[in-house]
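First the structure, in the form of structure tokens, and then the observations on it.
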Amino acid sequence: MTWIEDLADRADAVLPDYVAAYYRSNAGDGSCDREGIADWNAFRLRPSVLHDASAQDMTTEVLGTQVAAPVLVAPMAQQVGARPEGEVLTAQGAAKAGTLLGVSTNTGARFDDIAAQGAPWWYQVYVARNREATRLLVERAASAGARALILTVDTTPIGREIPAVDPRNWPAGPRKNRTANLTAAELERFGSDTDMALDLTPDTIGWLAEVSGLPVLCKGVLTARDARRCVDGGAEGIIVSTHGGRRLGNSVTSAYALPEILAEVGSEVEVHVDSGIRGGAQAAVAVALGARAVHVGRPVMWGLAADGAEGVADVLARYQAEFATTLRQMGIGSVRDLRPSDVVVR
Ligand SMILES: Cc1cc2nc3c(=O)[nH]c(=O)nc-3n(C[C@H](O)[C@H](O)[C@H](O)COP(=O)(O)O)c2cc1C
């Protein structure tokens, strides 16, 4: 059993069954999640010898923000299901680890309280059917200090068709879990039109940039053609993602999609990646291929559930330590020296 599997079991033991099941849930038969994890290990690293790797620099920049290592926290909904403070604790853990977190539209924590923890953060946008609701949220996130917007574009009705684990059916507080940054009067006014819009186009990217004054990354891209459409629409970053296998059960995996997307837009914008990255060695593969950073999802949520802010910090520290060890064993002293030729497909 890996330390992450062990952590997941500890999280399950303290969570209500429906919350634990929601965190683990996947689209379709779950093969995208399983194979998404396995595919990172289909890449093997090619260590090199006789280099001075005595000094190490793991720092990097993501859209101009310096982080301790290229390992960020993915935006995840329903963190208040893990701990009542939700992203406030996740932000504390990220701050301790010297990294940045994504904050989901469906957060039960207030932007100011998240920002007060000192970690840089990006606001993840699910565009609402009523665009006014999204405009208000994006303006509030920007004025609270969000440094970029993550526009999640894989919004075709997402998998997870199991009613029992759908947060809308949780016995406790589902609506509050996702709307802490709209007032009661606004919620009343928007009603079900805060639900996700399904009519996004590349124009949505420019609109969000204009409304917020922030750079926009598109998350959930899996083909070179779509990456091109996002960049032509004004995206300043792409996050290659299968939503942790929660979108389409038998879609291509992130490890499969990353190289073609890098080939298409990697010289123009930052390309990030998530889904199934279960350690610093896999993060090293992604960065060697050309990703600017990886984003970690469920392991952080399990750390939050099991041990609060300390758990989040510990998960990130383990990824960072394994990333540093991997580079040292490869004879590489700096993130900037990782190359695609350091990786081979088995
Ligand atoms: C419980 C849970 C909730 C999530 N909520 C969101 C969300 O609100 N917005 C979003 O863009 N992605 C969401 N994601 C996807 C993550 O941002 C990320 O893409 C995924 O978890 C990465 O895969 P991993 O869990 O294998 O690391 C969620 C993932 C999980 C597990």
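The values are calculated or read from the model by the stated rules, or taken from the named source; none is laboratory data. Keep in mind it's a predicted model, so treat the numbers as computed, not measured. Don't worry about glycine lacking a Cβ; one is built from the backbone with ideal geometry, like all the others, and counts go over all protein chains shown. SASA here: full protein model, heavy atoms, side chains in, ligands and nucleic acids out. Shrake-Rupley method; radii C 1.70, N 1.55, O 1.52, S 1.80 Å.
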With just the Cα atoms defining each centre, how far is segment 127-145 from segment 197-240? Give it in Å. 16
For segment 139-150, Karplus couplings with θ = phi - 60° (6.51, -1.76, 1.60), whole Hz, Gly/Pro x: 5, 5, 4, 5, 6, 7, x, 4, 9, 6, 10, 9
Round to the nearest 10 and give me the degree value, 0 to 90, for the angle of helix 203-212's Cα axis relative to the longest principal axis of the chain. 80
Can you list residues whose amide H is under 5 Å from H272's amide H, if they're 5+ apart or on another chain and H is modeled 1.01 Å from N? I238, I239, V240, R292
Check the chain for me: any Cys whose beta-carbon has no other cysteine beta-carbon within less than 4.7 Å? C32
If you line up the long axis of helix 280-289 against the longest principal axis of the chain, both from Cα atoms, how many degrees apart are they, to the nearest 10? 80
Using the Cα atoms of the chain to build a convex hull, what is its mean projected area in square nanometres? 16.0
Could you derive backbone 3J(HN,Hα) for segment 252-261 from the dihedral phi with the Karplus parameters 6.51, -1.76 and 1.60 (θ = phi - 60°), listing whole Hz in sequence and x where the residue is Gly or Pro? 4, 8, 5, 5, 5, 7, 3, x, 5, 6
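In whole percent, and with a 1.4 Å probe on the protein chains, what portion of the accessible area of the chain is carbon and sulfur?
Working: 7020 of 14130 Å².
Exposed carbon and sulfur together represent 50 percent of the surface.
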Which one, L151, L136, L50, has the greatest fluctuation when you compute a Gaussian network model over the chain with C-alpha springs under 10 angstrom? L50
So for the chain, averaging the separation of alpha carbon pairs under 8 Å that are six or more residues apart and normalising by length, what relative contact order in percent results? 28
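Can you check what the net charge comes to around L45, using other residues whose Cβ is under 14 Å from the Cβ of L45 (Lys, Arg +1; Asp, Glu -1)? Could you put the intermediate results ahead of the total?
Working: positive: R44, R46, R328, R339, R346; negative: E322, D337, D342.
Net charge in that neighbourhood comes out at +2.
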